[in-house]
Amino acid sequence: MRQSSSKTTGNAKVMNRLELTKRLVARLENDEAVIGGIGNTNFDLWEAGQRPQNFYMLGSMGLAFPIALGVALAQPKRRVVALEGDGSLLMQLGCLSTIAALAPKNLTMVLMDNGIYQITGGQATPAAAASDLVAIARGCGIAESAWASDEDDFERLVDAALSAARPQLIAARIDDQPGAGATDRDPVQIRERFMRGLGVRAAS
Ligand SMILES: Cc1ncc(C[n+]2csc(CCOP(=O)(O)OP(=O)(O)O)c2C)c(N)n1
């Protein structure tokens, strides 16, 4: 029997990662930590304005949400936001169950879904054809997971997430544009700046 695709992004508008990242950063008012995933989420976070509370993951896919989970647990009074690409999340889907089980009150996940591995040449991800990552997140136990229907809806979801009491996942369909900025390729400097930004390292 032929099965129809279970992908249900509905009428979600195709948006732009940099535009959404700028809108997100503009709504931060309380020294929130922001974790950018490898590659494009990182690059657009950098371009949206550098902050000492930003961490830019280099090298490995799928670690933005797990790193953000650690920060959220370590600093429960601080809001933590993580930005990740769809291909990277697919590499590390198990983190969604871990996050649902630990249920930090202060963690917001933003998924930038272009359906491709843009930075390595635009290969289609398997999820693009068949899987709905919001449905997967809900199935993992992150009940408050939603597709943003457009930019205004994205901002509304961000505002709600920043005062929510359960982990949130906001997914956005995005175009195939590469990231705009380019982070420093210096992991030690990135880590040290972030730790100072979070107040766990004295300024030197
Ligand atoms: C574990 C691992 N596998 C493969 C790579 C090579 N790689 C780096 S970025 C990337 C694609 C990332 O895709 P996605 O997260 O969807 O972001 P996009 O490039 O589409 O913005 C790949 C395959 C890597 N860095 N780490």
Item to complete: Give the residue that is modelled with the highest pLDDT, with candidates limited to residues of the range 29-49 that are out of contact with any helix residue (DSSP H, G or I) (no Cβ under 9 Å at 6 or more places or on another chain) and assigned to a loop (DSSP other than H, G, I, E, B).
Response: GLU32
Fill in: Counted residues, the range 26-81 - those being open to solvent by 30 Å² or more (accessible area, probe 1.4 Å), among the small types (Gly, Ala, Ser) and either more than 16 Å from the ligand (Cβ to nearest atom) or farther than 19 Å from GLN189 by Cα (or both)
3
Worksheet entry | Residue list for the range 145-166, restricted to those being among the charged types (D, E, K, R) and within 19 Å of LEU73 (Cα to Cα) | ARG166
Worksheet item: Across the range 89-113, what is the number of residues that are under 11 Å from the mean Cα position of the chain (by Cα), open to solvent by less than 10 Å² (accessible area, probe 1.4 Å) and either within 16 Å of the ligand (Cβ to nearest atom) or β-branched (Val, Ile, Thr) (or both)?
Response: 6
Worksheet item: Within the range 145-182, restricting attention to residues that are away from the ligand (no atom under 15 Å from the Cβ) and of a type in the set (Val, Ile, Thr), which residue is surrounded by the most Cβ atoms within 10 Å (Cβ to Cβ)?
Response: ILE170
Practice prompt. State which residue pairs qualify: first residue more than 19 Å from ALA165 (Cβ to Cβ) and at pLDDT 95 or above and inside the range 77-101, second residue within 16 Å of the ligand (Cβ to nearest atom) and of a type in the set (Lys, Arg) in any location, beta carbons under 9 Å apart, and separation of 6 or more residues or different chains.
Written response: LEU83/ARG17; GLY85/ARG17
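The values are calculated or read from the model by the stated rules, or taken from the named source; none is laboratory data. Just so it is clear, the structure is predicted and the values come from calculations on it, not from any experiment. Heads up, the Cβs are rebuilt from the backbone with ideal geometry, glycines too, and the neighbour counts pull from every protein chain shown. In case anyone asks, the SASA skips ligands and DNA or RNA and just uses the protein heavy atoms, side chains included. Shrake-Rupley method; radii C 1.70, N 1.55, O 1.52, S 1.80 Å.
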